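Below is one structure; the comments refer to it alone.
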Amino acid sequence: MKKIFSVLLVIILTIVGLWQLSGSRNYQIVGELISRVNTHERLIALTFDDGPTKKHTDSVLAMLAEHDVPATFFVTGKEVDIFPDEARKILAAGHQLGNHSWSHPRMVLKSPAFIAEEIEKTDAALRAIGYQENILFRPPYGKKLFVLPWYLQKTGRTSVTWDIEPETWPDVAKSAQTIAEHVIENAKPGSIILLHVMYDSREESRKALPSIINGLKEQGYTFVTVSDLIENRTQ
(Lines give C-alpha, C1' and ligand atoms only; values in the text may rest on other atoms or scores of the structure.)
Protein backbone atom coordinates (compact mmCIF):
# COMPACT_ATOMS: atom_id res chain seq x y z
CA MET A 1 0.00 0.00 0.00
CA LYS A 2 2.81 2.35 0.92
CA LYS A 3 4.54 1.59 -2.40
CA ILE A 4 1.36 2.39 -4.36
CA PHE A 5 0.99 5.66 -2.47
CA SER A 6 4.61 6.59 -3.24
CA VAL A 7 4.13 5.87 -6.93
CA LEU A 8 0.93 7.93 -7.04
CA LEU A 9 2.68 10.78 -5.25
CA VAL A 10 5.53 10.74 -7.76
CA ILE A 11 3.04 10.74 -10.65
CA ILE A 12 1.08 13.65 -9.16
CA LEU A 13 4.22 15.67 -8.48
CA THR A 14 5.48 14.99 -12.00
CA ILE A 15 2.21 16.15 -13.54
CA VAL A 16 2.16 19.29 -11.39
CA GLY A 17 5.79 20.02 -12.22
CA LEU A 18 5.23 19.59 -15.96
CA TRP A 19 2.15 21.85 -15.84
CA GLN A 20 4.14 24.56 -14.06
CA LEU A 21 6.99 24.13 -16.54
CA SER A 22 4.57 24.44 -19.46
CA GLY A 23 3.47 27.87 -18.22
CA SER A 24 6.90 29.29 -17.42
CA ARG A 25 7.27 32.82 -18.78
CA ASN A 26 11.07 32.70 -19.05
CA TYR A 27 12.02 29.09 -19.77
CA GLN A 28 11.31 26.45 -22.39
CA ILE A 29 12.95 23.10 -23.06
CA VAL A 30 14.65 24.05 -26.35
CA GLY A 31 14.87 27.05 -28.63
CA GLU A 32 14.92 30.77 -27.98
CA LEU A 33 12.35 32.26 -25.63
CA ILE A 34 12.29 35.97 -24.78
CA SER A 35 10.28 37.33 -21.86
CA ARG A 36 12.35 40.46 -21.31
CA VAL A 37 15.44 41.94 -22.96
CA ASN A 38 18.59 43.04 -21.20
CA THR A 39 19.29 46.60 -22.28
CA HIS A 40 20.92 49.68 -20.81
CA GLU A 41 18.41 51.90 -22.62
CA ARG A 42 14.98 52.77 -21.24
CA LEU A 43 13.13 50.87 -23.95
CA ILE A 44 9.89 48.98 -23.45
CA ALA A 45 7.55 46.96 -25.66
CA LEU A 46 3.76 47.17 -25.55
CA THR A 47 2.15 43.98 -26.85
CA PHE A 48 -1.45 42.94 -27.45
CA ASP A 49 -2.79 39.42 -27.77
CA ASP A 50 -5.72 38.18 -29.89
CA GLY A 51 -7.75 39.82 -32.61
CA PRO A 52 -7.94 41.74 -34.77
CA THR A 53 -11.63 42.48 -34.28
CA LYS A 54 -14.01 44.70 -36.20
CA LYS A 55 -15.23 46.53 -33.11
CA HIS A 56 -12.05 47.58 -31.32
CA THR A 57 -9.12 47.67 -33.77
CA ASP A 58 -9.79 51.25 -34.88
CA SER A 59 -10.03 52.67 -31.36
CA VAL A 60 -6.83 50.96 -30.21
CA LEU A 61 -4.94 52.17 -33.27
CA ALA A 62 -6.29 55.69 -32.72
CA MET A 63 -4.96 55.75 -29.15
CA LEU A 64 -1.54 54.53 -30.25
CA ALA A 65 -1.44 57.09 -33.05
CA GLU A 66 -2.42 59.90 -30.70
CA HIS A 67 0.54 59.08 -28.45
CA ASP A 68 2.90 58.14 -31.32
CA VAL A 69 3.53 54.67 -29.86
CA PRO A 70 4.44 51.55 -31.86
CA ALA A 71 3.18 48.22 -30.57
CA THR A 72 3.33 44.51 -31.37
CA PHE A 73 0.06 42.70 -32.05
CA PHE A 74 0.14 38.93 -31.59
CA VAL A 75 -2.92 38.00 -33.63
CA THR A 76 -4.70 34.74 -34.32
CA GLY A 77 -4.78 33.46 -37.87
CA LYS A 78 -8.49 32.75 -37.70
CA GLU A 79 -9.32 36.37 -36.84
CA VAL A 80 -6.92 37.71 -39.47
CA ASP A 81 -8.75 35.51 -41.96
CA ILE A 82 -12.14 36.86 -40.80
CA PHE A 83 -11.04 40.50 -40.50
CA PRO A 84 -8.23 41.02 -43.05
CA ASP A 85 -8.99 44.73 -43.43
CA GLU A 86 -8.43 45.28 -39.69
CA ALA A 87 -5.14 43.37 -39.89
CA ARG A 88 -4.09 45.57 -42.80
CA LYS A 89 -4.91 48.66 -40.75
CA ILE A 90 -2.51 47.49 -38.03
CA LEU A 91 0.15 46.92 -40.67
CA ALA A 92 -0.51 50.26 -42.40
CA ALA A 93 -0.13 52.07 -39.07
CA GLY A 94 3.42 50.77 -38.78
CA HIS A 95 2.95 48.24 -36.01
CA GLN A 96 4.48 44.79 -35.75
CA LEU A 97 2.39 41.65 -36.24
CA GLY A 98 3.13 38.35 -34.55
CA ASN A 99 1.78 34.80 -34.72
CA HIS A 100 -0.51 33.78 -31.82
CA SER A 101 -1.62 30.49 -33.44
CA TRP A 102 -4.63 29.94 -35.67
CA SER A 103 -7.36 29.05 -33.14
CA HIS A 104 -5.77 29.90 -29.77
CA PRO A 105 -5.54 26.42 -28.20
CA ARG A 106 -3.31 25.44 -25.31
CA MET A 107 -0.48 23.97 -27.35
CA VAL A 108 0.52 21.19 -24.96
CA LEU A 109 -0.24 17.51 -25.48
CA LYS A 110 -0.74 18.23 -29.17
CA SER A 111 0.67 16.36 -32.15
CA PRO A 112 3.45 17.82 -34.32
CA ALA A 113 0.99 17.96 -37.23
CA PHE A 114 -1.53 19.97 -35.19
CA ILE A 115 1.10 22.43 -34.01
CA ALA A 116 2.54 22.82 -37.50
CA GLU A 117 -0.90 23.61 -38.94
CA GLU A 118 -1.69 26.18 -36.23
CA ILE A 119 1.57 28.02 -36.83
CA GLU A 120 1.94 27.72 -40.59
CA LYS A 121 -1.68 28.70 -41.38
CA THR A 122 -1.27 31.83 -39.28
CA ASP A 123 2.01 32.76 -40.94
CA ALA A 124 0.29 32.30 -44.30
CA ALA A 125 -2.59 34.55 -43.23
CA LEU A 126 -0.14 37.27 -42.21
CA ARG A 127 1.73 37.00 -45.51
CA ALA A 128 -1.59 37.15 -47.37
CA ILE A 129 -2.38 40.60 -45.95
CA GLY A 130 1.06 41.86 -46.95
CA TYR A 131 3.21 41.40 -43.83
CA GLN A 132 6.80 40.87 -44.95
CA GLU A 133 8.84 41.12 -41.74
CA ASN A 134 10.13 38.30 -39.55
CA ILE A 135 7.21 36.71 -37.69
CA LEU A 136 7.67 36.12 -33.96
CA PHE A 137 5.52 33.57 -32.15
CA ARG A 138 3.64 33.85 -28.86
CA PRO A 139 2.12 30.68 -27.39
CA PRO A 140 -1.55 30.99 -26.37
CA TYR A 141 -1.84 31.27 -22.58
CA GLY A 142 1.97 31.12 -22.54
CA LYS A 143 1.71 27.32 -22.61
CA LYS A 144 4.44 25.16 -24.15
CA LEU A 145 6.10 21.93 -23.16
CA PHE A 146 7.95 19.59 -25.53
CA VAL A 147 6.53 19.49 -29.07
CA LEU A 148 5.88 23.23 -29.51
CA PRO A 149 9.40 24.36 -28.51
CA TRP A 150 10.86 21.59 -30.64
CA TYR A 151 8.86 22.73 -33.68
CA LEU A 152 9.75 26.39 -33.12
CA GLN A 153 13.45 25.55 -32.88
CA LYS A 154 13.27 23.26 -35.91
CA THR A 155 11.71 26.02 -38.03
CA GLY A 156 13.93 28.83 -36.72
CA ARG A 157 11.22 30.70 -34.83
CA THR A 158 11.59 32.81 -31.68
CA SER A 159 9.02 32.47 -28.91
CA VAL A 160 8.03 35.68 -27.10
CA THR A 161 6.29 35.80 -23.74
CA TRP A 162 6.25 38.75 -21.30
CA ASP A 163 7.32 39.93 -17.86
CA ILE A 164 4.42 42.28 -17.06
CA GLU A 165 0.88 40.84 -17.08
CA PRO A 166 -1.54 43.03 -15.10
CA GLU A 167 -4.67 41.20 -16.21
CA THR A 168 -3.59 37.95 -14.56
CA TRP A 169 -4.58 39.09 -11.07
CA PRO A 170 -8.26 40.00 -10.47
CA ASP A 171 -7.40 42.70 -7.92
CA VAL A 172 -5.20 44.39 -10.52
CA ALA A 173 -7.44 43.81 -13.54
CA LYS A 174 -10.50 45.28 -11.80
CA SER A 175 -9.95 48.84 -13.05
CA ALA A 176 -8.00 50.91 -15.56
CA GLN A 177 -6.29 52.70 -12.69
CA THR A 178 -4.97 49.54 -11.01
CA ILE A 179 -3.87 48.11 -14.35
CA ALA A 180 -1.92 51.26 -15.20
CA GLU A 181 -0.39 51.50 -11.73
CA HIS A 182 0.77 47.87 -11.86
CA VAL A 183 2.43 48.31 -15.25
CA ILE A 184 4.16 51.56 -14.32
CA GLU A 185 5.39 50.24 -10.96
CA ASN A 186 6.77 46.99 -12.43
CA ALA A 187 8.31 48.33 -15.64
CA LYS A 188 12.03 47.82 -16.21
CA PRO A 189 14.23 48.61 -19.20
CA GLY A 190 13.59 45.86 -21.71
CA SER A 191 10.20 44.84 -20.29
CA ILE A 192 7.50 43.30 -22.46
CA ILE A 193 3.96 44.25 -21.43
CA LEU A 194 1.05 41.92 -22.16
CA LEU A 195 -2.47 43.33 -22.58
CA HIS A 196 -5.69 42.14 -24.20
CA VAL A 197 -7.68 44.95 -25.80
CA MET A 198 -9.66 43.44 -28.67
CA TYR A 199 -12.82 42.23 -26.93
CA ASP A 200 -15.69 43.89 -25.08
CA SER A 201 -14.63 42.21 -21.83
CA ARG A 202 -11.33 44.12 -21.88
CA GLU A 203 -12.71 47.63 -21.56
CA GLU A 204 -10.60 48.41 -18.47
CA SER A 205 -7.43 47.44 -20.32
CA ARG A 206 -8.32 49.73 -23.20
CA LYS A 207 -9.10 52.56 -20.80
CA ALA A 208 -5.75 52.01 -19.08
CA LEU A 209 -3.71 52.53 -22.26
CA PRO A 210 -3.34 56.35 -22.13
CA SER A 211 -2.31 56.25 -18.46
CA ILE A 212 0.19 53.46 -19.11
CA ILE A 213 1.72 55.30 -22.04
CA ASN A 214 1.88 58.68 -20.32
CA GLY A 215 3.17 57.22 -17.06
CA LEU A 216 5.99 55.31 -18.72
CA LYS A 217 6.93 58.24 -20.94
CA GLU A 218 7.17 60.41 -17.81
CA GLN A 219 9.67 57.87 -16.47
CA GLY A 220 11.77 58.30 -19.59
CA TYR A 221 10.74 55.15 -21.45
CA THR A 222 10.61 54.91 -25.23
CA PHE A 223 8.15 52.45 -26.75
CA VAL A 224 9.45 50.09 -29.43
CA THR A 225 8.26 46.93 -31.14
CA VAL A 226 9.45 43.59 -29.81
CA SER A 227 11.79 43.16 -32.79
CA ASP A 228 13.35 46.57 -32.16
CA LEU A 229 13.69 45.71 -28.48
CA ILE A 230 15.53 42.50 -29.37
CA GLU A 231 17.84 44.39 -31.72
CA ASN A 232 18.83 46.72 -28.85
CA ARG A 233 19.60 44.04 -26.26
CA THR A 234 23.00 43.92 -24.62
CA GLN A 235 25.01 40.73 -24.55
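The values are calculated or read from the model by the stated rules, or taken from the named source; none is laboratory data. As the structure is a computational prediction, the values presented were derived from the model and not from experiment. Using ideal geometry, Cβ is built from the backbone for each residue, glycine included, and neighbour counts are taken over all protein chains shown. What goes into the accessible areas is simple: the full protein's heavy atoms, side chains included, and nothing from ligands, DNA or RNA. Shrake-Rupley method; radii C 1.70, N 1.55, O 1.52, S 1.80 Å.
What is the Cα centroid distance between region 26-52 and region 125-190, reported in whole angstrom? Comparing the Cα centres of region 26-52 and region 125-190, I get a distance of 6 Å.
If packing is taken as the average count of other Cβ atoms within 10 Å, what order do 35-43, 98-106 fall into, highest mean first?
Values: 35-43: 16.9, 98-106: 20.6.
By packing density, highest mean first, the sequence is 98-106, 35-43.
Take the Cα of S59, step 7 Å toward its Cβ, do the same at Q153, and the gap between the two points is 4.3 nm. By a 1.4 Å probe calculation restricted to protein chains, F146 has an accessible surface near 110 Å², given to the nearest 10.
Toward the positive end of the charge dipole of the chain, with +1 on the Cβ of Lys and Arg and -1 on the Cβ of Asp and Glu, the farthest Cα among H196, L145, I34 is that of L145. Take the Cβ atoms of D81 and R25, set R0 to 22 Å, and the FRET efficiency comes out at 0.15. Between R88 and D228, the modelled label-to-label distance comes to 2.5 nm, taking each label 7 Å out from Cα in the direction of the beta carbon.
Spin-label pair A116-K188: with each label point 7 Å from Cα along the Cα-Cβ axis, the two points sit 3.8 nm from one another. Note on K110: aspartates and glutamates with a C-alpha under 13 Å away, same-chain residues under 8 apart excluded, are E118. Taking all protein chains together and rolling a 1.4 Å probe, I184 ends up with roughly 40 Å² accessible. What percent does the relative contact order of the chain come to when contacts are Cα pairs within less than 8 Å and at least six residues apart? In percent, rounded to a whole number, it is 31.
Using the empirical formula 2.2 N^0.38 Å as the baseline, the Cα radius of gyration of the chain reaches a ratio of 1.05.
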